[in-house]
Amino acid sequence: ITVTSFQSAGPPSSQPSVCINTPMAAITHTTNGAATGISDDGVDGVNGLPPGVSATWANNTITISGTPAVVGTFSYNIPLTGGCNAASATGTITVVNNTGSLFIAPNNISLCAGSNTQVLINVDNAPPYNNEWQTSTDGGTTWTTIPNITASMFPYTPPQGFSGTVLFRFRASTPCGVVLSNTAT
C-alpha cells in the first residue's frame, strides 16, 4: 500500500512591484514532498502570470521569473501535481510603466514683483509615488525642492522683493526611475 500525503505550497517569497520590460527578481514558493510538479490552470495558458513571466518547479520549489511585457496587476494561481488534494501557489505581481510624461499647466506666467499674486500650478498624470516640486532661479542649472509640497498642485506666491525668472518642474521618483515634467516659467 502506498499512502500519498496532501500537497501544499508555501507563501510567495515576495509580491513585488516590478518595471515593465525589466527582468524581475525570482519569486519562489516552497512545496512539500507530495508535490511532483506544476500544471497549467487551463484558464489563460499562463496561470495568471504577466506575459513574459513563467514558472518552473524543481526540488520542491516553484520559481517564477522572466521579463514582464504588460502593465497591470496579475494574480497568479499555479496548481501543484502529484498529491491527493488540489493545491496551488498563489500571489500577486504588479507591473508598472517605466516611462511617463508629466505636464505642468499653466506653462508661462507673468506676475508683478511684490504683488502677492498667487498662481495655482498643476501637473497632469502625477504617479502615486515620491513626488516633489522644484524651482530654479538660474535658468535650470540648479534645482531646489519646495519643502512639504508633494501634491499634484500647489499655490505659488513670489517672495517679496523678488524680480526675475523662476522655473518650475515636477519630479516623480517611481519604482522604475525618475520622471521629470516639462518646465514652467
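The values are calculated or read from the model by the stated rules, or taken from the named source; none is laboratory data. Since this is a predicted model, take the numbers as computed values, not measurements. Note that we place each Cβ from the backbone using ideal geometry, even for glycine, and neighbour counts take in every protein chain shown. Keep in mind that these areas ignore ligands, DNA and RNA; they rest on the heavy atoms of the full protein, side chains included. Shrake-Rupley method; radii C 1.70, N 1.55, O 1.52, S 1.80 Å.
Pull up the stretch 128-176, narrow it to residues that are open to solvent by 70 Å² or more (accessible area, probe 1.4 Å) and β-branched (V, I, T), then point me to the one that is modelled with the lowest pLDDT. Step by step, filter the stretch 128-176, then rank; the result is T150. In summary, N98 fulfils each of the numbered conditions (1) open to solvent by less than 70 Å² (accessible area, probe 1.4 Å); (2) at pLDDT 70 or above; (3) within 30 Å of Q15 (Cα to Cα) with the single exception of condition (2). Checking each residue in the stretch 67-81 for being open to solvent by 30 Å² or more (accessible area, probe 1.4 Å), farther than 15 Å from T30 by Cα and touching a residue at least 24 places away in the same chain (Cβ under 8 Å) picks out T67, A69, V70, V71, F74, S75. Restricting attention to the stretch 21-55, which residues are surrounded by fewer than 19 Cβ atoms within 10 Å (Cβ to Cβ), at pLDDT 85 or above and either within 27 Å of the chain's Cα centre (by Cα) or not in a loop (DSSP other than H, G, I, E, B) (or both)? Matches in the stretch 21-55: N21, T22, P23, A25, A26, T28, T30, G37, G48, P51, G52, S54.
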